[in-house]
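Contents: one structure, followed by commentary.
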Amino acid sequence: MFSLAKISIFILSVTATSWESATAKAKDVIKDLSNQEKVTLVSGIGWGQPNIWSGSQSNLCVGNIAKVSKINGFEGLCLQDGPSGVRFQNNQTASSFGASINVASTWDRELMHAHGKAQGQEFRDKGVNIALAPMMNIGRVAAGGRNWEGYGEDPFLASVSAAEVVKGLQSTGVMANAKHFLGNEQEHFRDAPGGWSKIDERAIHEIYLPPFKACIEAGVVSVMCAYNRLLTEDGELNFACEHKRALDGLLKGELNFQGFVMSDWWSTHDHILAANNGLDMMMAGEATNPFADKNSDLAWSHNLLKAVENGLVAQSRLDDMATRVLAAWYKVGQDKGFPKTNFDSWNNDRTDDKKSDQLINVRSNHADIIRRVGADSIVLLKNTDNLLPLKVNNKIISVIGDNSRPPKENNPNQFPDRSGVDGHCAIGWGSGTTNFPYLVSPLEALTSKANGTHTKFQYYSSTEKDYATIKDSDTALVFVYANSGEGYTGMNSTVNGPFVQGDRNDLFLFDYGDDLVKKIAEINKNVVVIITAPGPVDMSAWINHPNVKSVLFALYPGQESGNSIYDVLSGRINPSGKLPFTIAKENDYCCKVQFEAPGHVEYAESHLVGYRWFDSNKIAPQFPFGHGLSYTSFEYSNLAVSFNENGSGKITLDLKNSGNRLGREVVQVYVGLPEVTKSAPLNLKAFEKVRLSEQETKKVEFTLSQQDLSFWNVKSKSWELAKGTYQIFVGSS
């Protein structure tokens, strides 16, 4: 079994500078810069090759800030996509980490931090100044295309996950980037001029703002604003990167964010409005036309310089923008010994005098942490008759489904940005994905471990004409999947079937997976279903079939996917993952993707998102948020609750592993607020993952603050405690 101590020794952590010190240092430098040099600090120089912006300046990353010679040690900035690793790398040089949704599914702060730190090392060693991660838009719609890049449907779990990843990333001296602010919970119409996301103030403060607040408290130095237009209760309707209430009011005002705000790529439409309303850095350097001349009015840098000269943007605003960017650079210590960029996003084989050596391998021992996060994130949904872990006396195990096998010609990167699947599906598609250095499929992991045992694994594809021999197998493992990603590309959900453009069209399995499960369940009496998917899957077609004994939800484990799944199937790792979302029938969710033009997305459910919706409307899900079984059992006892008049208090309980093997349990604390608040019955406010040997008992303690018991009062525009009865719930889901 893996030891966290063994796999968390990545690099010596970089000591961060305080905001006060970093800002003072930046201001001292900024006062001696020309306006052109200040504009250079806040202006991307373009996307792709050839470089049309800066002559000889290399354009190696997805986002680039040019060198400013007057700033000692400032060679420019390289911005590169995450959150599943360093995008656009030679296939062998960087890791393909598991998805962020897997990180949340571990409910393990140490693993969250270790995941971020391992990623930070790879970004740093590749010379990436700013890692475009974490992404923590809430999983409001179950079919949201980029849900796998985030941390689920609950703001507290997302806050803890994102903050730990930020701390891990920035401990290596890499700048983290919290994205996408605000209201980008679906892909369809995300950048439509006529679309908008309409969100009320209570929902903003209780659901969508907390992950950003947590990241700011964790020290994040940059935030990315979103593509969509945002309609807030004060009536302001602007694109998120031009939204005064969102950027200056919420982010820099209420949350006191002292870093810089960058645009998502080409997401600004009015440069002057954006600058005046709080945007600090434009990416990728052009406006709506990626090939605009650098002196064009479409170009942010040209426009901004003229606007300052003409008084349309105040000199103090430009100084503030440049100060925020440079202060972030100083805060993480990049002015001392930061590696030069050593890759070329647009030419993976480039090895010239510009240090674009694609053969610099930065993977280190990160396969260990990827495999561990993968295994610890897998959720055991069902395990009738304790069918799992697989028994050593199994003579024949059938492995069914193309999702179990390796890709043909062993090339997991054959589809651009992973917008297609051939064999095992272990990550989604879009800018948040990576090139696999390799991909371990479940079939490979199972068969390689079978050597020297008495168990024989028999493989059947998803399209076999005759599955009759499967009835003789001791166990049938059925591997199925669903997929999603960013909206600029997509894939067919079945051969010649409906095209999926980012957001999933529905919550059913791809490639007739539901039919495959039902077919095998009619043949074999011991069926295990293993799912890789970006989010909830409607299992109503087969979940209650008596022969479907066990279900594993693996999400997207990354390059070590097969090994992680094997670890849980075999019992090498006792499953401890918990759902970061609710699994239910498709029509029972609060909200669906808005597929109809012009793309008006009204958050009518307000703060009742995810399980809050199900509880408030007394709808029973298939599997609740926080659910996850173990191969052992746990007992809760001696719950004690003590609170004072100001709303802070302490909760203690005893947790016992009453089974016969080591296990980890996630103790979850939910608060029920007084009815007058019109809150959901249950609201997650604390959790702890506890490791227990067999028959061991530990005391678990939680401290809740006044904030944990407060609600956002829309009339007073503040957090308040309510008069009435508060309820405290502690349990395993």
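The values are calculated or read from the model by the stated rules, or taken from the named source; none is laboratory data. Predicted, not measured: the structure shown is a model, and the values here were computed from it. Reconstructed Cβ throughout: ideal geometry from the backbone, glycine too, with neighbour counts over all protein chains shown. The protein model used for the area step is the full one, side chains on, heavy atoms only, and it has no ligands, DNA or RNA in it. Shrake-Rupley method; radii C 1.70, N 1.55, O 1.52, S 1.80 Å.
Quick notes on this one:
- The set of residues in region 566-593 being open to solvent by less than 10 Å² (accessible area, probe 1.4 Å), touching a Leu at 6+ places or on another chain (Cβ under 7 Å) and either in a helix (DSSP H, G or I) or among the hydroxyl-bearing types (Ser, Thr, Tyr) (or both) consists of Val568, Leu569.
- On inspection, Gly76 passes the criterion of being in contact with a strand residue (DSSP E or B) (Cβ under 6 Å, 6 or more places away or on another chain) and over 28 Å from Leu209 (Cβ atoms).
- Cβ pairs under 7 Å, 6+ apart, first in region 234-247 and farther than 13 Å from Trp196 by Cβ, second open to solvent by 20 Å² or more (accessible area, probe 1.4 Å) and in a loop (DSSP other than H, G, I, E, B): Lys244/Glu236; Arg245/Asp234; Arg245/Glu236
- Selected residue [crowded, with 22+ Cβ neighbours inside 10 Å and among the polar types (S, T, N, Q)] from Thr433, Thr453, Thr469: Thr433
- Condition check for Lys689: basic (Lys, Arg), open to solvent by 10 Å² or more (accessible area, probe 1.4 Å) and more than 22 Å from His627 (Cβ to Cβ): no
- Test: residue in region 122-144 that is surrounded by fewer than 24 Cβ atoms within 10 Å (Cβ to Cβ) and among the polar types (S, T, N, Q): yes
- Residue match in region 183-194 (condition: in a helix (DSSP H, G or I), out of contact with any Cys (no Cβ under 9 Å at 6 or more places or on another chain), modelled with pLDDT of 95 or more and aromatic (Phe, Trp, Tyr)): no
- Note on region 692-733: residues that are open to solvent by less than 70 Å² (accessible area, probe 1.4 Å), part of a strand (DSSP E or B) and acidic (Asp, Glu) total 1.
- Selection of region 403-420 for residues being surrounded by fewer than 23 Cβ atoms within 10 Å (Cβ to Cβ) and either at pLDDT 95 or above or within 28 Å of Ser100 (Cβ to Cβ) (or both) yields Arg405, Pro406, Pro407, Asn410, Asn411, Asn413, Gln414, Phe415, Pro416, Asp417, Ser419, Gly420.
- Residues that are closer than 21 Å to Pro546 by Cβ and in contact with a helix residue (DSSP H, G or I) (Cβ under 9 Å, 6 or more places away or on another chain) within region 376-388 comprise Leu380, Leu388, listed in sequence order.
- The single condition from (1) touching a residue at least 40 places away in the same chain (Cβ under 8 Å); (2) assigned to a loop (DSSP other than H, G, I, E, B); (3) surrounded by fewer than 17 Cβ atoms within 10 Å (Cβ to Cβ) that Lys650 fails is (2).
- Between Asp538, Asp506, Asp515, the distinction of being open to solvent by 70 Å² or more (accessible area, probe 1.4 Å) and modelled with pLDDT of 95 or more belongs to Asp515 only.
- Any hit, region 596-614, residues being over 30 Å from Gly195 (Cα atoms), open to solvent by less than 30 Å² (accessible area, probe 1.4 Å), modelled with pLDDT of 95 or more and touching a helix residue (DSSP H, G or I) at 6+ places or on another chain (Cβ under 6 Å): no
- Restricting the search to strands (runs of 3 or more DSSP E) fully inside region 220-285 and requiring at least 3 residues that are modelled with pLDDT of 95 or more and over 25 Å from Ala163 (Cα atoms) gives 237-239.
- One residue from Val440, Val495, Val478 being of a type in the set (A, V, I, L, M) and modelled with pLDDT under 95: Val495
- The set of residues in region 301-325 being in a loop (DSSP other than H, G, I, E, B) and touching a residue at least 40 places away in the same chain (Cβ under 8 Å) consists of Leu312, Val313.
- When the residues of region 313-354 are filtered to those that are at pLDDT below 95 and polar (S, T, N, Q), the one that is farthest from Asn277 (Cα to Cα) is Thr351.
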